[in-house]
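Participant: Structure incoming, see below.
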Amino acid sequence: MKYLLPIMLLFTFSVPCFAVEGMFPLNDIHTLDLHQHGFEISADAIYNPDGISLIDGICKVNGCTGSFISDDGLILTNHHCAFRTVQMASTNGHDYITSGYVASNRTEEFPAAGYAVRITKWYRDVTADVLSAVTETMRMAERTRAIDKRRNEIITRVEHDYPGHRAEIAEMFIGKTYVLFVYIYLKDVRLVYAPPRSIGEFGGEIDNWMWPRHSGDFSLMRAYVAPDGTPADYAPTNVPYHPKTRLTIQPDGVNTGDLVFLIGYPGRTYRHQTSDFPAYEQEVRMPFVVDWYQWQIDMMNAMGQSDRTIALKHASRIKSLSNTMKNYRGKLKGINREHLIARRRKEEAALQKYIMDDANRAAQYGTVQTELADIYSNVRTHTDRTMILHYLNKNVTLLNIAYTLYEAAVERQKPDVERKADYTERNFGQTKQKLEQSLHDFYQPTDQQIFNALIAKATTLLPDQHIAPIDSIMEAYPSIDEFLDTIYHNTTLTNADTVRTLFIKTPEQLTQCSDPFVQLARHLYPLYAAIDNESKSRKGATDQLYAKLYDVKAEFLKQKFIPDANGTLRLTFGQINGYSPNDAVWCQPITTVTGILEKDTGQEPFNSPSRLLDLIHEKKFGKYVQPKLSSVPCCILYDTDTTGGNSGSPVFNAHGELVGLNFDRTYEATINDYAWSENYSRSIGVDIRYILWILDEYEDVDYLLTEMGVN
Ligand code: ASP
């Protein structure tokens, strides 16, 4: 056994590719020597704005990534990305979360309300245009507003010129560079297939963010368009979308040491922020969120324990809270383990020395780092109050509805380009739809308990942090419960028709509205507006400071940086590679379905369907068996650079063929968001052979395999 590590190292060094940090914007890949890294296809075959390339077969599915795997708009993405639709389709009599969903023909494909698919069409730098909106004399909040307004103007103009498309302007380097992305935007998306939860999420929260893994975290959706091929809202007469290209599936999969690359839409990373940011996250924000989410999860689980209808209402929320909570726990642990903050402070001290060593540099950049530190330390003085207000609006469904109605009324008095994004003409329909969907999951006892807990938290704030409208409630009512019983009894916001009629009111009309939630929202509005103004002012200041910091850092390190993830299209590459999470432990990078037998207990979340267990026991592996492993490969591990939003990203081999589906990272890799490292950064995907084996041997959905071109 003691020879194992040297052998593995030898193996690792014998392949041409090595892992590098980087979620590369697609136009940057032409500057990489892809061949030297082990790629067998050219940069043009991956990204070619003047022709057809791989990126035309990749899409964004809400906050996730997806791949077109047929000419008829069939999309491969994660089970957890489609989960909300599976939940919406489920009732106590038809519990598709438990049984899985199989559309046996196209008419059975279930409309995924609230889902949209985007395909990147082109993009270009618009920094000069965006920054021309600001002047030296502007105050900070004014500066942020001017930038936001100019961004909206550009977007409106482009969407007018390109009907059926969606434009977004992404900030690549804070306060410094802005890029306009234009997407084909498809609004009719349907669920085609989702495995039972006991396959799609095998191992549940115990295995989430963990390796070794045995989850079949995949699903199939389909994009539809109007019969004339233009993007359209859902209609039964719509027809499947024909993408410019589809990805080629490689049923032979991959092996340890092989190069893999991913293309997708990673959400957010914070690698360019100064040490004060992760320190604030670690010491203040994440501990608050972890406690608060844990409390909500426990409460909702208890509510749904003996009633499946209630459990179904809570399913998506519990899943999403649990996912974030465990991610934060991983980060809290990892920040300490890697001494992340101390390391970053050391780098900052070296940079400061470089700045101060030269009088001109000192004059230009000398105070940048301390000014940023002051901003972060100011935020700490009122975090708890801000967080309580934030979660009152976010987690109390009826207050969120009332607040959105009131804010919509105020915002919609303004010209379109000056409104907050949710209330612009292009987004307002979605905002209304989201509220209606939240009523679908509304359960009064849960909502009331959440509200109660947040009021109780608010009463413990220091006197100078108090929330005045909550103080008034405490004075007017003998107890929190009495107040809550009264307002939940008197509200009519649980009725979707009422909500719809209130959406067209003016602020004056809402002032006359007798609904107690609307009245409370009206009284809270000035507090949220003040927070918003403060955050715009902070953004104006940090924008300017970070822009300077990049310049001097790039000069000091003689290096060009890769922009932080911001939900735009990126490429990352590495290899199928094991890792050592703990002393003396080495994890192999490929699991097999045989491991499902080892983990299965018959109890949730390790309760595989019995037919699946039978297939494994009987070794019915079909053509998907990997001879050396004598089993079907299940999940794969690789050292690429990913974050949330890369869920559903296609995993390609060196030839650009689809060999897996990204869905997670290891616990240690949750701190990727602050710092990537070859030692601990590992991402997790479903092996394509497991996906095909499930569809073929377990589900027997030949028609889908034929459509995917693998039958
Ligand atoms: N499972 C993850 C997510 O929730 C993917 C990741 O963060 O790597 O988005």
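Every number in this text was worked out from the coordinates using simple rules, so none of it is lab data. Everything quoted here is computed from the prediction, not taken from an experiment. Glycine gets a Cβ as well: all are built from the backbone with ideal geometry, and neighbour counts include every protein chain shown.
Participant: Write down the Å³ per residue value for the convex hull defined by the alpha carbon atoms of the range 561-616. All intermediate terms of the calculation are to be shown ahead of the outcome.
Facilitator: Details: hull volume 11.8 nm³, N = 56.
Roughly 211 Å³ of hull volume per residue.
Participant: If you don't mind, another one. Only residues of the range 80-114 count here: report those whose backbone N is under 12 Å from the spot 7 Å along Cα→Cβ of residue 604, or say none.
Facilitator: 97-99
Participant: Within 10 Å of each candidate Cβ there may be at most 16 other Cβ atoms; applying that plus a DSSP loop requirement, which chymotrypsin sites (Phe, Trp or Tyr not before Pro) in the range 264-306 survive?
Facilitator: 270
Participant: What order do you get for 92-98, 473-479, 146-152 when each peptide is scored by the mean count of other beta carbon atoms within 10 Å, highest first? Let's see the in-between values first.
Facilitator: Details: 92-98: 15.3, 473-479: 12.1, 146-152: 19.7.
Output ranking for 92-98, 473-479, 146-152: 146-152, 92-98, 473-479.
Participant: Given the alpha-carbon gyration tensor of the range 370-428, what are the semi-axes of its equivalent ellipsoid in whole angstrom, ordered largest first, with each equal to the square root of 5 times an eigenvalue?
Facilitator: Over the Cα atoms of the range 370-428, the ellipsoid semi-axes are 28, 18, 8 Å.
Participant: Which of the residue pairs 244/432; 149/432; 313/414; 244/620 have a Cα-Cα distance greater than 26 Å in the structure shown?
Facilitator: 244/432; 313/414; 244/620
Participant: For labels at residue 430 and residue 228 in the simple 7 Å Cα→Cβ model, what's the distance in nm?
Facilitator: Here the modelled spin labels are 2.4 nm apart.
Participant: What whole-number volume per residue, in cubic angstrom, does the convex hull of the C-alpha atoms of the range 450-522 give?
Facilitator: It is 105 Å³ per residue.
Participant: Then there's this: Need one number: the % of Cα-Cα pairs in the range 535-684 sitting beyond the 21 Å mark.
Facilitator: On the way: 6875 of 11175 pairs.
Looking at the range 535-684, the distances longer than 21 Å represent 62 percent of pairs.
Participant: Additional query: Can you sort 641, 471 by how many other beta carbons sit within 10 Å, fewest first? All intermediate terms of the calculation are to be shown ahead of the outcome.
Facilitator: Details: 641 28, 471 14.
With the fewest neighbours first, 641, 471 line up as 471, 641.
Participant: Positive end of the charge dipole of the range 611-661 (Lys, Arg +1 and Asp, Glu -1 on Cβ, about the Cα centre): tell me which of 651, 640, 616 has its Cα farthest that way.
Facilitator: My answer, from the dipole projection, is 616.
Participant: About the Cα centre of the range 411-454, how large is the charge dipole given +1 on each Lys and Arg Cβ and -1 on each Asp and Glu Cβ? Please answer in debye to the nearest 20.
Facilitator: Here the size comes out at about 140 debye.
Participant: For the range 295-340, just list the percent of Cα-Cα distances falling in each 5 Å bin from zero outward, please.
Facilitator: 5, 21, 22, 16, 11, 9, 8, 5, 3, 0
Participant: In whole Hz and in residue order, list the ³J(HN,Hα) couplings for the range 234-241 that follow from phi through the Karplus curve 6.51 cos²θ - 1.76 cosθ + 1.60, θ = phi - 60°; x for Gly and Pro.
Facilitator: Calculated HN-Hα couplings, in order: 3, 8, x, 7, 4, 10, x, 6 Hz.
Participant: If you consider only alpha-carbon coordinates, what radius of gyration and Dmax does the chain have, in Å?
Facilitator: Reported Rg and Dmax, both Å: 25.9, 79.
Participant: Using only the Cα atoms of the range 195-241, what are the Rg and Dmax in Å?
Facilitator: Gyration radius and largest Cα-Cα distance of the range 195-241: 17.3, 47 Å.
Participant: Using a simple spin-label model with points 7 Å from Cα along the Cα→Cβ vector, what separation in nm is obtained for residue 442 and residue 98?
Facilitator: Once both label points are built, they end up 2.7 nm from each other.
Participant: Let me ask something else. Starting at the first residue of the range 91-107, write each ³J(HN,Hα) from the Karplus equation 6.51 cos²θ - 1.76 cosθ + 1.60 with θ = phi - 60°, in whole Hz, x for Gly and Pro.
Facilitator: Karplus-based 3J(HN,Hα) across the range 91-107 equals 10, 4, x, 10, 8, 6, 4, 6, 8, x, 10, 10, 7, 7, 8, 5, 5 Hz.
Participant: Could you point to the residue in 413, 373, 430 farthest towards the positive end of the range 370-432's charge dipole, with +1 and -1 charges on the Cβ of Lys/Arg and Asp/Glu respectively?
Facilitator: 430
Participant: If you don't mind, another one. If you split all Cα-Cα distances of the range 122-273 into 5 Å bins from zero, what percentages do you get per bin, shortest first?
Facilitator: Once binned at 5 Å, the Cα pair distances of the range 122-273 give 2, 7, 10, 11, 14, 13, 13, 13, 9, 6, 2, 1, 0.
Participant: Right, next: Classify the range 85-176 as rounded, prolate or oblate, taking a ≥ b ≥ c as the square roots of the eigenvalues of its Cα gyration tensor: rounded when a/c is under 1.5, otherwise prolate if a/b is larger than b/c and oblate if not.
Facilitator: Details: a/c = 4.00, a/b = 2.57, b/c = 1.55.
Prolate, since a/c reaches 1.5 and a/b exceeds b/c.
Participant: Could the peptides 170-179, 129-138, 682-691, 667-676 be put in order, highest first, of the mean number of other beta-carbon atoms found within 10 Å of their residues? Each step should come with its number before you reach the end.
Facilitator: Details: 170-179: 19.5, 129-138: 13.7, 682-691: 27.7, 667-676: 23.8.
Taking the mean over residues of other Cβ atoms within 10 Å, the ranking is 682-691, 667-676, 170-179, 129-138.
Participant: Another one. Which of the listed residues, 596, 30, 214, is farthest toward the dipole's positive end in the chain, when Lys, Arg count +1 and Asp, Glu count -1 at the beta-carbon?
Facilitator: Most positive-ward Cα: 30.
Participant: Report the charge-dipole magnitude of the chain in Debye, nearest 20, computed about the Cα centre from +1 at each Lys and Arg Cβ and -1 at each Asp and Glu Cβ.
Facilitator: 820 debye
Participant: Within 10 Å, count the other beta carbons around each residue, average over each peptide in 194-201, 646-653, 525-532, and list them highest first. Display every interim value, and only then the final one.
Facilitator: Values: 194-201: 24.2, 646-653: 28.6, 525-532: 14.4.
The most tightly packed comes first, giving 646-653, 194-201, 525-532.
Participant: Here's another thing I want to ask about it. Which value at 222 nm does the chain reach when only helices count, each DSSP H run of 4 or more adding -39,500 (n - 2.57), with the total divided by all residues and rounded to the nearest 500 deg cm²/dmol?
Facilitator: On the way: 27 runs with 317 residues, N = 711.
Calculated at 222 nm, the ellipticity per residue is -14000 deg cm²/dmol.
Participant: Considering the zone a paramagnetic label at residue 628 would reach in this model (a point 7 Å from Cα along the Cα-to-Cβ line), which residues of the range 582-616 have amide N under 15 Å from it?
Facilitator: Taking a point 7 Å out along Cα→Cβ of residue 628, the residues of the range 582-616 whose backbone N falls under 15 Å are 588-592.
Participant: Here is a follow-up. Between the range 266-338 and the range 498-524, how many Å separate their Cα centres?
Facilitator: 32 Å
Participant: When Rg is the radius of gyration of the Cα atoms in the range 650-699 and Rh is its Kirkwood radius, what does Rg/Rh come to?
Facilitator: Ratio value, two decimals: 1.11.
Participant: Here's something else I'd like to know. Which order results if 658, 321 are arranged by neighbouring Cβ count within 10 Å, fewest first? Walk me through the numbers on the way to the answer.
Facilitator: Numbers: 658 24, 321 20.
With the sparsest Cβ surroundings first, the list reads 321, 658.
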